[in-house]
1. Looking at the stretch 72-101 only, could you name the residues that are surrounded by fewer than 10 Cβ atoms within 10 Å (Cβ to Cβ) and among the small types (G, A, S)?
2. Checking the structure you have, find out if any residue of the stretch 55-67 is within 16 Å of the ligand (Cβ to nearest atom) and in contact with a Gly (Cβ under 6 Å, 6 or more places away or on another chain).
3. Can you name the residue in the stretch 1-40 that is in contact with a His (Cβ under 8 Å, 6 or more places away or on another chain) and of a type in the set (D, E, K, R) and is also nearest to H57 (Cα to Cα) among such residues?
4. Residues that are loosely packed, with under 10 Cβ neighbours inside 10 Å, modelled with pLDDT of 95 or more and more than 16 Å from the ligand (Cβ to nearest atom): which strands (runs of 3 or more DSSP E) entirely in the stretch 1-48 hold 3 or more of them?
5. Consider D59 against the criteria (1) surrounded by 13 or more Cβ atoms within 10 Å (Cβ to Cβ); (2) part of a loop (DSSP other than H, G, I, E, B); (3) acidic (D, E): it satisfies all of them except one. Which criterion is unmet?
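The values are calculated or read from the model by the stated rules, or taken from the named source; none is laboratory data. What you see is a predicted model; the values in this text were computed from it and never measured. Every residue, glycine among them, receives a Cβ derived from its backbone with ideal geometry; neighbour counts consider all protein chains shown.
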Amino acid sequence: MKIFEERIVETVVDRVCDVCKESVMTDVGEGRVEEFGELKAKWGYGSKSKEDGNTYHLDLCERCFKVALLALKDHKRSLFMFDDDENNLPDEKFGLNSDRC
Ligand SMILES: [Zn+2]
């Protein structure tokens, strides 16, 4: 015999970018998929800026992810602009995972 009861179940119905608040859900065919980037950090005792125990997690839409990526790319360029080794300068593949499945 099956015994039933009503339960309230929380279900993810949307996911929004933590910067611009736009949905990261995209309609694909008859379904919806999440297209997002994440920025995460978990700092410990060795943190240089006293972030011990702090964790960060930002969900990012594609546009805001690109803004963050460009900011990091510019920062890296400024760090190595006078470096003799041109391999230290970011290129168009900066951050791109080359071993994606
Ligand atoms: Zn966004």
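1. S78, S98
2. Scanning the stretch 55-67, I find at least one residue that is within 16 Å of the ligand (Cβ to nearest atom) and in contact with a Gly (Cβ under 6 Å, 6 or more places away or on another chain), so the answer is yes.
3. Going residue by residue through the stretch 1-40, those that are in contact with a His (Cβ under 8 Å, 6 or more places away or on another chain) are 38-40.
Applying the additional criterion that residues be of a type in the set (D, E, K, R) yields 38, 40.
Values: E38: 7, K40: 4 Å.
Among them, the one singled out is K40.
4. Because the criterion is at least 3 residues that are loosely packed, with under 10 Cβ neighbours inside 10 Å, modelled with pLDDT of 95 or more and more than 16 Å from the ligand (Cβ to nearest atom), no strands (runs of 3 or more DSSP E) in the stretch 1-48 meet it.
5. (2)
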